[in-house]
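The values are calculated or read from the model by the stated rules, or taken from the named source; none is laboratory data. The structure displayed is predicted, hence computed values, not measured ones. Neighbour counts run over all protein chains shown; Cβ positions are idealised from the backbone, glycine included.
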Amino acid sequence: MRVLVVDDSVFMRTVIRDILTKDSTIEVVGTAVDGVDALAKIKALDPDLITLDIEMPRMNGLEVLKELGTWEKRPKTLMLSSLTSQDAEMTRLAIQLGADDFMLKPKDITHVRGIGDDLIEKVKHMFTFRFSPIKRIARGGTGNELATRIVMIGSSAGGPQQLDQLLIDLPADLPAAVVVTQHMPPGFTAALAERFNRICPIPVRESQSGDPLERGRVLVSKSGYHSVITGNISSDGRRTGRLVHSSAPPLHGVRPAIDKIFISGAPVFGKNAVSVILSGMGNDAGEGAAAIKKAGGTSLICREEDCLVYGMARSAIEHNAVDQVVPLKRMAKEIVRVVSQMDG
């Protein structure tokens, strides 16, 4: 895997290069100090992937992406963003302009080396993950019909890579609403939703407070708020729901918390609810999975071998709240099977 590192900071270029070269499958073929330098070196070195800073002199990261959009052949692009609201919006725009993925840089540069394992994992994932052209074309869903079944997915550290595989495998005609709650700093779930919308057969967007839960639609819980499901009764007497945002204090140190949406969704959808727990650190999701089971729903967790961190799934096990442990590559099929057996 041939990588070009693009950043105007000599410190960041050095750290990123040192991190990546620790993996024998990655070769850093060069570094660039700004966008102009990057474009010249992409032509000269033909890298498979570039890590791209956003704020740079002469030509910034967004301008690089605009230029690359006119090229017949272009490298994959991994945006490296600082944890600020401005960088969050720039990252969202970068995804719209064709960036393949993004990763968050700590505000304190002294902590940058701490992202080493995650950076290597992210780069390798970008090479092993393959888009399905058929599924990328097969957009759509079932329209604006309110959902009487729901799939609630919770993930944290290591989750976005797993969500790539799970979401791309979901069928466009899934007869359920899907809500993804990923632990992430405020502002960045918009970019995450933009990216998922490019690869998922089902339309994906970031949640807005008051969103109706619709069949064949995926909502990504907006970071900075808890996602809470409230119930409605449809004209034919079936239970449906809405997603609303809550500014209640963080739970388990995070907002959105997965427990919040699982627990609120359980009484609304009852046996027509599925909870899915992917990779993540800490105890979030265990209590919520127990609420889903108690209400008659189904609780699925990803098997440990497929998770970067197994804390959240283990919490569900400790709550005796797991119906099935499922390999990641089979998770979408299992979701479809469970949903197809529901009433409604």
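Couple of notes before you dig in:
- Lys66 of a type outside the set (Gly, Ala, Ser) and either surrounded by fewer than 17 Cβ atoms within 10 Å (Cβ to Cβ) or modelled with pLDDT under 95 (or both): yes
- Selected residue (only one of Arg205, Arg198, Arg242 is assigned to a helix (DSSP H, G or I), assigned by TED's automatic domain parsing to the domain that holds Ile153, basic (Lys, Arg) and closer than 24 Å to Pro171 by Cα): Arg198
- Test: Ser235 is at pLDDT below 95, hydroxyl-bearing (Ser, Thr, Tyr) and either surrounded by fewer than 20 Cβ atoms within 10 Å (Cβ to Cβ) or not assigned by TED's automatic domain parsing to the domain that holds Ile335 (or both): yes
- When restricted to residues that are buried (at least 18 other Cβ atoms within 10 Å of the Cβ) and touching a residue at least 40 places away in the same chain (Cβ under 8 Å), the range 34-61 contains 9.
- The residues on offer are Pro267, Pro256, Pro250, and the sole one that is assigned by TED's automatic domain parsing to the domain that holds Gln165 and free of Cβ contacts under 8 Å to residues at least 12 places away in the same chain is Pro250.
- Residues being hydroxyl-bearing (Ser, Thr, Tyr), under 22 Å from Val268 (Cα atoms) and buried (at least 21 other Cβ atoms within 10 Å of the Cβ) - total across the range 182-210: 1
- Hits in the range 321-339 - residues which are out of contact with any Ser or Thr (no Cβ under 7 Å at 6 or more places or on another chain) and of a type in the set (Gly, Ala, Ser): Ala332
- Gly224 vs. criteria touching a Pro at 6+ places or on another chain (Cβ under 7 Å), assigned to a loop (DSSP other than H, G, I, E, B) and either at pLDDT below 95 or not aromatic (Phe, Trp, Tyr) (or both): yes
- If you go through the range 291-313 and pick out every residue that is within 21 Å of Gln165 (Cβ to Cβ) and in contact with a helix residue (DSSP H, G or I) (Cβ under 8 Å, 6 or more places away or on another chain), you end up with 13.
- Check on Pro106, modelled with pLDDT of 75 or more and over 16 Å from the mean Cα position of the chain (by Cα): yes
- Among residues of the range 62-96, those that are β-branched (Val, Ile, Thr), touching a residue at least 40 places away in the same chain (Cβ under 8 Å) and touching an Asp or Glu at 6+ places or on another chain (Cβ under 7 Å), counted: 1
- Residue within the range 273-293 that is among the hydroxyl-bearing types (Ser, Thr, Tyr) and either in a strand (DSSP E or B) or more than 26 Å from Gln208 (Cβ to Cβ) (or both) present: yes
- Top-ranked residue in the range 69-96 [being under 23 Å from Val112 (Cβ atoms) and among the acidic types (Asp, Glu); ranked as modelled with the lowest pLDDT]: Asp87
- Condition met for Ala285 (of a type in the set (A, V, I, L, M, F, W, C), in contact (Cβ under 8 Å) with a residue 60 or more places away in the chain and buried (at least 22 other Cβ atoms within 10 Å of the Cβ)): yes
- Filter pass, Val179 being within 20 Å of Ser299 (Cβ to Cβ), out of contact with any Gly (no Cβ under 9 Å at 6 or more places or on another chain), crowded, with 23+ Cβ neighbours inside 10 Å and in contact (Cβ under 8 Å) with a residue 12 or more places away in the chain: no
- Among the candidates Ala94, Ala40, Ala99, Ala88, the residue that is over 25 Å from the mean Cα position of the chain (by Cα) and either among the β-branched types (Val, Ile, Thr) or not assigned by TED's automatic domain parsing to the domain that holds Gly187 (or both) is uniquely Ala40.
- Qualifying residue in the range 295-308 (condition: touching a Cys at 6+ places or on another chain (Cβ under 6 Å) and over 30 Å from Arg238 (Cβ atoms)): no
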